[in-house]
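Peer 1: Have a look at the structure that comes next, please.
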Amino acid sequence: MKTLPLTPAEIDHALTHLPGWTWNCDALVKTLEFGDFREAMGFMLRAGFEADALDHHPEWTNVYNKVSIRLSTHDAGNKVTAKDVELAGRMEKLRAALTGPT
């Protein structure tokens, strides 16, 4: 069964629960800043396990203490779906556990 893209209204609603995330070029995006490289890598490792559990994998990069994330769903034409919102939410919980509330 094909995954359906969210509507603009659904994405806007989801973003109200995802602080700092934006909708840009058909993806949910955010850059996280950590205390150092080790903390950033710890986040990526934990988030990688969450992504794998969802069978939904991010497009992301790391430079020292920063992790830039872009989430879209390939089998929905590289659009935002509920899978992206779910993974972003899990990433937010992990980030908060590592660095505290924003």
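The values are calculated or read from the model by the stated rules, or taken from the named source; none is laboratory data. Note that the coordinates shown come from a computational prediction; the quantities given were computed from them, not determined experimentally. Don't worry about glycine lacking a Cβ; one is built from the backbone with ideal geometry, like all the others, and counts go over all protein chains shown.
Peer 1: So, restricting to strands (runs of 3 or more DSSP E) that lie completely within region 15-102, which ones have at least 3 residues that are farther than 21 Å from residue 4 by Cα? Reasoning before the result, please.
Peer 2: Numbers: elements: 22-24, 27-33, 59-63, 66-71.
Fully inside region 15-102 and qualifying: 27-33, 59-63, 66-71.
Peer 1: Mind checking which residues of region 1-14 are outside any helix (DSSP H, G or I) and in contact (Cβ under 8 Å) with a residue 60 or more places away in the chain?
Peer 2: We begin by selecting, within region 1-14, every residue outside any helix (DSSP H, G or I); these are 1-7.
Scanning region 1-14 gives 2, 3, 4, 5, 6.
Peer 1: Among the listed residues 100, 89, identify the single one that is touching a Leu at 6+ places or on another chain (Cβ under 9 Å) and either at pLDDT 95 or above or surrounded by fewer than 18 Cβ atoms within 10 Å (Cβ to Cβ) (or both). Walk me through how you get there before you give the answer.
Peer 2: Numbers: 100 fails: touching a Leu at 6+ places or on another chain (Cβ under 9 Å).
On inspection, the qualifying residue turns out to be 89.
Peer 1: Checking the conditions here, which among 100, 89 is out of contact with any Lys or Arg (no Cβ under 6 Å at 6 or more places or on another chain) and more than 27 Å from residue 9 (Cβ to Cβ)?
Peer 2: Working: 89 fails: more than 27 Å from residue 9 (Cβ to Cβ).
So the residue among 100, 89 that is out of contact with any Lys or Arg (no Cβ under 6 Å at 6 or more places or on another chain) and more than 27 Å from residue 9 (Cβ to Cβ) is 100.
Peer 1: Would you pick out the residues in region 7-26 that are loosely packed, with under 14 Cβ neighbours inside 10 Å and out of contact with any helix residue (DSSP H, G or I) (no Cβ under 8 Å at 6 or more places or on another chain)? Walk me through how you get there before you give the answer.
Peer 2: First pass over region 7-26, keeping only residues loosely packed, with under 14 Cβ neighbours inside 10 Å: 7-9, 12-13, 16-17, 19-20, 22, 24-25.
Within region 7-26, 7, 8, 9, 12, 13, 16, 20, 24, 25 qualify.
Peer 1: Does residue 80 satisfy being buried (at least 20 other Cβ atoms within 10 Å of the Cβ) and either more than 22 Å from residue 101 (Cβ to Cβ) or out of contact with any strand residue (DSSP E or B) (no Cβ under 9 Å at 6 or more places or on another chain) (or both)? Steps first, answer last, please.
Peer 2: Values: buried (at least 20 other Cβ atoms within 10 Å of the Cβ): yes; either more than 22 Å from residue 101 (Cβ to Cβ) or out of contact with any strand residue (DSSP E or B) (no Cβ under 9 Å at 6 or more places or on another chain) (or both): yes.
Spelling it out, residue 80 is indeed buried (at least 20 other Cβ atoms within 10 Å of the Cβ) and either more than 22 Å from residue 101 (Cβ to Cβ) or out of contact with any strand residue (DSSP E or B) (no Cβ under 9 Å at 6 or more places or on another chain) (or both).
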